[in-house]
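Visitor: Mind looking over this structure? Questions follow.
The values are calculated or read from the model by the stated rules, or taken from the named source; none is laboratory data. Just so it is clear, the model here is predicted, and its values are computed rather than measured. Note that we place each Cβ from the backbone using ideal geometry, even for glycine, and neighbour counts take in every protein chain shown. The accessibility values were calculated without ligands, DNA or RNA, using every heavy atom of the protein model including side chains. Shrake-Rupley method; radii C 1.70, N 1.55, O 1.52, S 1.80 Å.
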Amino acid sequence: MDLQRVKEILTAEDEISVHYHGVPIWIESIDATSSMAVISARGTHEERQLVSIDGLDER
């Protein structure tokens, strides 16, 4: 996924389904400088991961 699309998803009014390696996730925040995102699995906002936005997939 590209940086611009991640920004659009973060600001969208509607919920947009995004996955990371097949797992449905929430995008918590992004760092545009490094193209990294903080994500958590849907339903568990406790386990956050820092991942490259290249690994995110919109479904």
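Visitor: If you put +1 on each Lys and Arg Cβ and -1 on each Asp and Glu Cβ, how big is the dipole of the chain around its Cα centre, in Debye rounded to 20? Write down the numbers at each step before the final one.
Guide: Numbers: 5 positive and 12 negative charges, 21 e Å.
For this selection, approximately 100 debye.
Visitor: What relative contact order, as a whole-number percentage, does the chain give when Cα pairs under 8 Å and 6 or more residues apart are counted?
Guide: Taking the mean separation of contacting Cα pairs over the length of the chain, I get 38 percent.
Visitor: Quick check: residue separation of Leu3 and Gln49 times 0.36 nm, minus the Cα distance between them. What number comes out in nm?
Guide: 14.8 nm
Visitor: Within the chain, what whole-number % of the accessible surface is contributed by carbon and sulfur, with the 1.4 Å probe and all protein chains included in the calculation?
Guide: Exposed carbon and sulfur together represent 47 percent of the surface.
Visitor: Where only protein heavy atoms count, and the probe is 1.4 Å, what is the accessible area per residue for the chain in Å²? The partial results should precede the final answer.
Guide: Working: 3900 Å² over 59 residues.
Per-residue value: 66 Å².
Visitor: Using the Cα gyration tensor of the chain, with a ≥ b ≥ c the square roots of its eigenvalues, what is the shape: rounded (a/c below 1.5), prolate (a/b larger than b/c) or oblate (neither)?
Guide: rounded
Visitor: Starting from the Cα of Asp14, move 7 Å in the Cα-to-Cβ direction to define the label point; list residues of region 33-49 whose amide nitrogen is under 20 Å from there.
Guide: Within reach of a label on Asp14: no residues.
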